[in-house]
Amino acid sequence: MTMTSPSELSEAYIALGANLGDREATLMQAISELQKHPEIEVLRCSNLYETDPVGYLDQPCFVNMAVAVRTSLEPEALLTFMLDIELRLGRERTIRFGPRTVDLDLLWADGRVMDTPLLTLPHPRMMERAFVLIPLADIVPEGEPSGLFEQIHHALDNLDGKEGVRFWKTCNWHSASALSEN
């Protein structure tokens, strides 16, 4: 378990998904909202993938992606901010695994292991979900010190359901964020 003091920067990975409205625009807005926080810097964005719904199947396909961020926030404070972004972007929680304007999940924070009423790290189902692992594989560098790179690739090698995750497009967050600020 890696521990950082409140003033130290840590790297965290966040999964994003949307299947209602303008999915791509909503995901880009969520990334911009993360970047606006003074203690969060978006480092890398994965490609965008169109994915079949899992769990509750009677809903549109999702667009999923992942981002790497550098932050001085503790994981629970980061998650609280992420939940606030979801609310501001119209997220309503009516059906478990159901349709949503946006979903942000904190997957990993510098290899920390946590289990609190608000947050479990690493995310308890991330290694079972191709729609999380495939985008995450785009942005976790080989040699990352916590061992996450190896864990992702081992899980992907042994995971069924990857055919439900299809490359959709390259993330153009930087150009999209520049446009939204004008």
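Counting only trypsin sites (Lys or Arg not before Pro) that are in a DSSP loop and have at most 13 other C-beta atoms within 10 Å, tell me the longest site-free stretch of the chain. All intermediate terms of the calculation are to be shown ahead of the outcome.
On the way: sites that count: ARG93, ARG96, ARG125.
Answer - 1-92.
Normalised by the empirical 2.2 N^0.38 Å for globular proteins, what value does the Cα Rg of the chain take?
Scaled against compact globular proteins, the figure is 0.97.
Say the dipole of the chain comes from +1 at the beta carbon of Lys and Arg and -1 at that of Asp and Glu; which of LEU159, LEU89, TYR13 then lies farthest toward its positive end?
Result: LEU89.
Check which residues have an amide H placed less than 5 Å from TRP168's amide H, if you skip close sequence neighbours.
Residues meeting the criterion, in which the H sits 1.01 Å from N, are LEU48, TYR49, GLU50.
On the accessible surface of the chain, probed at 1.4 Å, how many percent belong to carbon and sulfur atoms?
Answer for the chain is 53 percent, counting heavy atoms of protein chains only.
Nothing charged except the Cβ atoms of Lys and Arg (+1) and of Asp and Glu (-1): what's the magnitude of the dipole of segment 2-96 about its Cα centre? Round to the nearest 20 debye.
For this selection, approximately 80 debye.
Please give, to one decimal in nm, the separation of the simple spin-label points placed at ARG70 and ARG125, each 7 Å out from Cα toward the Cβ.
Roughly 3.3 nm, to one decimal.
Stretched out fully, how many nm does the piece from GLU39 to THR94 gain, at 0.36 nm a residue minus the Cα gap?
16.7 nm
Could you please report the charge total around GLU144, scoring K, R as +1 and D, E as -1 over all other residues with beta-carbon less than 11 angstrom from its beta-carbon? Spell out each step's value before the answer.
Details: positive: none; negative: GLU11, ASP110, GLU142, GLU150.
Charge balance in the 11 Å sphere: -4.
May I ask you to list the chymotrypsin sites (Phe, Trp or Tyr not before Pro) in segment 34-133 that are in a DSSP loop and have at most 16 other Cβ atoms within 10 Å of their Cβ?
Working: sites: TYR49, TYR56, PHE62, PHE81, PHE97, TRP108, PHE131; in loops: TYR56, PHE97.
Qualifying residues, ordered by number: TYR56, PHE97.
Which GluC sites (Glu not before Pro) in segment 54-111 sit in a loop by DSSP (not H, G, I, E or B) and have at most 14 other Cβ atoms within 10 Å of their own Cβ?
For GluC sites (Glu not before Pro) across segment 54-111 that sit outside H, G, I, E and B with at most 14 neighbouring Cβ atoms in 10 Å, the list reads GLU92.
The values are calculated or read from the model by the stated rules, or taken from the named source; none is laboratory data. Since the model is a prediction, treat every value here as computed from it, not as a measurement. Here the Cβ is made from the backbone with ideal geometry for all residues, glycine too, and neighbour counts use every protein chain on show. In case anyone asks, the SASA skips ligands and DNA or RNA and just uses the protein heavy atoms, side chains included. Shrake-Rupley method; radii C 1.70, N 1.55, O 1.52, S 1.80 Å.
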